[in-house]
Amino acid sequence: MTERMVPLSRLSERIKIEPYYYKMGLNGTHNECYVRSEVATQLLKVVTFLPEGIGVHLWDGWRSFETQLAIYEATKKELMLKGFQGVSLERELAKYVAKPTKDVDHPSPHLSGGAVDLTLFDGNGLLPMGSEFDEFHERSQLDYFEEKKTIDLARKYLPSQ
Ligand SMILES: C[C@@H](N)C(=O)N[C@H](C)C(=O)O
């Protein structure tokens, strides 16, 4: 069964969108975030679990193949400038960006409308997560701050998987 795609900009006051790659001017982007309808339902559920006053800020949802490819190539370039090459480049790249593919049985997650890039906000703006969006560094790994309990990050509000 094909699921319909849902725009997120008017779903809830606790869900805001700021289409990151559209603002960057990447090919194949839109000034909207779309996700599969089931993902939209789950996002609506997520906000009910967040403390009052905190909402979800969406950077991206469904992606076109050309956008995924542009992100993949730009990230590859960035990592090469940091000195990665060969197998270590492929391994590092795989940590942060999915390979663009048109294989309908194994689509890149964003191409299926089943993945989102998000952070959290409150009345004062975006909450601290310990790294920037698309910061291709180990700081962005889910468990990076696990040992550093002195840092109070909004990651604590998000499930670890
Ligand atoms: C590039 C980053 N924002 C992202 O979306 N990464 C995941 C792994 C993806 O490309 O699917």
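Coordinate-derived values only; no laboratory data. Bear in mind the structure is a predicted one, so any value in this text is a computation, not a measurement. No Cβ is skipped: glycine too gets one built from the backbone with ideal geometry, and neighbour counts run over all protein chains shown.
Note down, for the range 99-158, the three equivalent ellipsoid semi-axes (square root of 5 times each alpha carbon gyration tensor eigenvalue), biggest first, whole angstrom.
28, 15, 10
Would you compute the Debye intensity of the range 46-161 from its alpha-carbon atoms alone, equal scatterers and no solvent, and pass along log10 I(q)/I(0) at q = 0.21 Å⁻¹ to two decimals?
-1.27
Dipole size in debye (nearest 20) for the range 1-117 around its Cα centre, Lys and Arg Cβ +1, Asp and Glu Cβ -1?
Values: 15 positive and 15 negative charges, 21 e Å.
That gives a dipole near 100 debye.
Residue separation times 0.36 nm, minus the C-alpha to C-alpha distance between residue 52 and residue 75: what's the value?
Here the segment from residue 52 to residue 75 would lengthen by 4.7 nm.
Determine the distance separating the Cα centre of the range 84-161 from the Cα centre of the range 15-49; give it in Å without decimals.
15 Å
Calculate, for residue 38 and residue 101, the FRET efficiency according to 1/(1 + (r/R0)^6) with r their C-beta to C-beta distance and R0 30 Å; round to the nearest 0.05.
The computed FRET efficiency comes out at 0.90.
To the nearest 20 debye, what is the magnitude of the charge dipole of the range 82-161 about its Cα centre, counting +1 on the Cβ of each Lys and Arg and -1 on the Cβ of each Asp and Glu?
Dipole size: approximately 80 debye.
Counting helices only, and only those DSSP H runs with n ≥ 4, report the 222 nm mean residue ellipticity of the chain as the sum of -39,500 (n - 2.57) divided by its residues, in deg cm²/dmol to the nearest 500.
-9000 deg cm²/dmol
Which of the GluC sites (Glu not before Pro) found in the range 44-115 are loop residues per DSSP with 14 or fewer other Cβ atoms within 10 Å of their Cβ?
Answer by residue number: 52.
Over 26 Å between C-alpha atoms is what I'm after, so list which of 45/76; 82/156; 23/95; 76/102; 77/99; 23/76 land there. List each step's numbers first, then the result.
Working: 45/76 35 Å; 82/156 30 Å; 23/95 24 Å; 76/102 19 Å; 77/99 14 Å; 23/76 20 Å.
45/76; 82/156, as the Cα separations exceed 26 Å there.
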